[in-house]
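Down below is the structure, laid out as structure tokens.
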Amino acid sequence: MLIKSVLLCVFNLYFMRRIWLICFIIIFFYLPVVQAQLKLTNLVDPFIGTGGHGHTFPGAVVPFGMVQLSPDNGRDGWDWCSGYHYSDSVITGFSHTHLSGTGIGDWQDVSVMPLTSPLEAMHDSVSQLFNHKYESAKPGYYSVVFRNGIKVELTATERCGFHRYQFPEQSIPVIRFDLGYAHNWDAPTETYITVVNDSTITGYRYSTGWANVQKVYFAARTSIPFSKTILGDGTTESDMTDIMETVDKGKGVTAQLVFSPSAAKSIELRVALSMTSYDKALKALDANDFTFDQARKQADEKWETELEKIQINSSDENLKRVFYTALYHTCIAPVLYSDEDGEYKNAKGEIKHPDIAAQRYTVYSLWDTFRALNPLFTLTQTSRYADILNSMLRFYDENGLLPVWDLSTCETNTMSGYHAVPVLADAVLKDWPGVDANRAYTAMIASANQSGRGVPDYIKYGYEPQDKHNVSVTITLEYAFDDYCIAQVAKKLGKEVDYEVYMKRAHSYANLFDNSTGFMRAKNSDGKFVTPFDPFWSEHDGARSQYVEGNAWQHSFFVPQDVNGLAALYGGQEQLGKKLDSLFTVSSVMHGNNTSPDVSGMMGQYAHGNEPSHHIAYMYTYIGEAWKTQEKVRQITESMYQALPDGYAGNEDCGQMSAWAVWSMAGLYPANAASGEYIIGSPQVDDVSFNVGNNRKMTIKALNNSRQNKYVQKVRLNGKPYLKTFISHTDFKNGGELEIEMGAKPNKKWGKKKESWPTSASD
């Protein structure tokens, strides 16, 4: 019996060891695969938005980095604003600065292209055919194989672009720099290249365009020496065997770095940027002394950290790709403009040294981003947001006004409103650390009382007269909202007189309401409405337009500060609800011979492809019809966002189109961007967790969620019944759990009572 027991123990031990060995083998070989599948960067597709009218780029960038290293197709045109469009089949180079999702093309500085042999003539075409089958991208990485056999790989750090080129056999490897490369609005004014040694060049590119002054300095270094340089000033060419030569200044300087055919067929190149000097670019180059693979690994880790700030659960893989690609796109702009030590040179040529270790940013598409992206930053960019906000205040210090659309620290004066105001107001009202509330308030007052942009007439008449200034309806409505934001800051700072003044200005929207038509209409300075009137009429030429990029249908609802005040003009909540219903059901046809191409993503006259419509679906919640918000939001998220190159309904606009998706798929939206109230919509993901700091998370769970179950039945906050139709920023930042029980039929009682509604100014 004892022998039998011993044998049984040995037998069991033998098989237990084998089981443990099998488990170890499974863990050893398959755990990396599982971990790779769980990486959030694998859910991002940088090609989403590169087709249609999305205007995004697929290239390599790290979060908010100065370098956006991406391919250029070499074509002019609206759909090539980012330099690249998915419909194309040629690449003419890889430049180091790009704009993400804008409607105006600029930048594309310091274009680089690998060649299989030197150009016989300086102006020979360098365009190469490619096929999307041999192209790939993920956060911080891009790769393509040309038809001529060259393989290109790109990655980036904040201030340095990394290239790796693999050349085919029988080639004479060449890397060509073209500082004259320009498309759309951009044009070089002065360019310069110096050959420092047999592996390093420096130079600069000055240009004008949308940003009327732009200066980019660079330093570049190859992993192996080049044997010869062929330098040109853009009009003549020279074969310079002495590598210490310098190209004379010109508008289109080029440099071909020629490598020995016997050299390694794989060449790495680093290109560092500075907006201050090429000495600073050299310092950035030395600070980025990494191999390509090291830089790529760092980029991937930075993006994984960024994406982990919001974690979702869903069985829908396409939805997860859309969500995380949208979150990725919210982390590209604004972009770094200063050197690592914080120094920068502004558009006036002034070199600025910050008093504290802070960074300067540029690319502020504020007409777009104030609506949802900037409020999202107060949850996702807590460590960087003070620098983003203070960059706007530095702009004010240098120019006397807050930025409207800051590009390369230039004021492009693009779009209407003075929408740095709601961004700063939102931050001040949330007690944002590192932002001087009184300094911000002084800057807001300056913009609200400036001598230009139609402001004096807006103040004088209580609206912007069309015979005094174009796009007068949009200006009036947007200035009124901005003034509401100033009033709230004035109240917080104890400035009661100012509060009364700006609250009165915040009601200026009512001066353009025509109760006979139910639309906001343009008036002349005599107080009479402009005739004839057609709410479907759209005119893209601002000199003749009454509405910016749209018509009366899209713009008449821009009163996010006072939805109940707007309802009163219609005769009550029910009447406003009917007007909103008609917006989504009338014909999508617009009238006019020059309608705006920005008006896209149509549901009736609701245009999700352009920002003025973005808050409208959430207006129902302000008038006791929250179930209609839920219905419309689901319809928009499911139809306007797809995991395809043309998966965006319109211009991505520096993160705003994506921010709408991130908020709405999670189940919330800041319909009034400066209220600190996030409206409950219809979550598309099953649950989502926001890392809100101090080891706290805010989790939103959508119970019984499905495509059919899109209506909110009831809500609980931290286990207790929650009757409000919104959650405050303060409650959100405290962390906890918001449970939203979903169902297939609308619960029309939920959110019906006025005490549950979000705040309106008239309340």
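Nothing in this text is a laboratory measurement; each read-out follows from the coordinates by a stated rule. From a predicted model like this one, the values you see are computed outputs, not experimental measurements. Counting neighbours? That spans all protein chains shown, and the Cβs are built from the backbone with ideal geometry, glycine included.
Annotations for the structure displayed:
- In this Cβ point-charge picture (+1 for Lys and Arg, -1 for Asp and Glu), the chain has a dipole of about 2960 debye about its Cα centre.
- Residues of the range 287-324 falling in the label zone of Ser199, defined by backbone nitrogen less than 18 Å from a point 7 Å along Cα to beta-carbon, are 287-295.
- Under the criterion of Cα pairs below 8 Å and six or more residues apart, the relative contact order for the chain equals 11 percent.
- 5 angstrom amide H check on Tyr141, placed H, neighbours 5+ away: Val61
- The chain: proportion of alpha-carbon pairs further apart than 32 angstrom, %: 56
- Couplings 3J(HN,Hα) for the range 658-674, derived from phi with the Karplus relation 6.51 cos²θ - 1.76 cosθ + 1.60 (θ = phi - 60°), are 6, 4, 4, 5, 4, 4, 5, 5, 6, x, 9, 6, x, 4, 9, 5, 10 Hz, where x marks Gly and Pro.
- Pairs of lysines in the range 43-305 (C-alpha under 27 Å apart; 8 or more residues apart or interchain): 29
- Listed by chain and number, the lysines whose alpha-carbon sits under 16 Å from that of Lys495, ignoring those within fewer than 8 places in the same chain, are Lys504.
- For Tyr361, the residues 5 or more places off, or on other chains, whose built amide H falls under 5 Å of its own are Tyr337, Ser391.
- Bridgeable lysines around Lys714 (alpha carbons under 17 Å apart, same-chain partners fewer than 8 residues away excluded): Lys628, Lys701, Lys724, Lys745, Lys748, Lys749, Lys752, Lys753, Lys754.
- Mean residue ellipticity (222 nm) of the chain, computed from DSSP H runs ≥ 4 via -39,500 (n - 2.57), nearest 500: -9000 deg cm²/dmol
- Straight-distance candidates among the aspartates and glutamates for linking to Lys523, with alpha-carbon spacing under 13 Å and chain neighbours fewer than 8 residues away dropped: Asp457, Glu464, Asp467, Asp514.
- The trypsin sites (Lys or Arg not before Pro) found in the range 485-540 that occupy coil by DSSP, while having at most 13 further C-beta atoms within 10 Å, are Lys528.
- Cα→Cβ-extended label distance, 7 Å offset, between Glu308 and Asn438, nm: 4.1
- Gap separating the Cα centres of the range 620-641 and the range 159-206, nearest whole Å: 49
- Hypothetical label at Lys578: residues of the range 485-518 whose amide nitrogen lies under 15 Å (7 Å Cα-Cβ projection): 515-518
- Whether the range 340-407 is rounded, prolate or oblate, judged on the alpha carbon gyration tensor where a/c under 1.5 counts as rounded: oblate
- Taken about its Cα centre, the range 43-305 carries a charge dipole of about 400 debye when Lys and Arg each add +1 at the Cβ and Asp and Glu each add -1 at the Cβ.
- Taken one residue at a time, the phi angles of the range 512-520 give Karplus couplings (6.51, -1.76, 1.60, θ = phi - 60°) of 10, 7, 10, 6, 6, 10, x, 10, 7 Hz. Gly and Pro are set to x.
- Computed E for Lys749/Ser451 - FRET, C-beta separation, R0 45 angstrom, nearest 0.05: 0.30
- Using the Karplus relation 6.51 cos²θ - 1.76 cosθ + 1.60 with θ = phi - 60°, the per-residue 3J(HN,Hα) values for the range 355-369 come to 5, 10, 6, 10, 9, 9, 10, 9, 6, 10, 8, 5, 4, 8, 7 Hz, with x marking Gly and Pro.
- Close amide-amide hydrogen proximity is noted between Met603 and His608, each under 5 Å apart and 5 or more residues distant or on a separate chain (H modeled in the peptide plane; Pro and chain starts excluded).
- Point-to-point label distance, Gln294-Ser588, nm (Cα→Cβ direction, 7 Å offset): 5.2
- Temperature 20 °C, viscosity 1.002 mPa s: under these conditions the Stokes-Einstein estimate for the range 43-305, based on its Kirkwood radius over C-alpha pairs, is 119 µm² per second.
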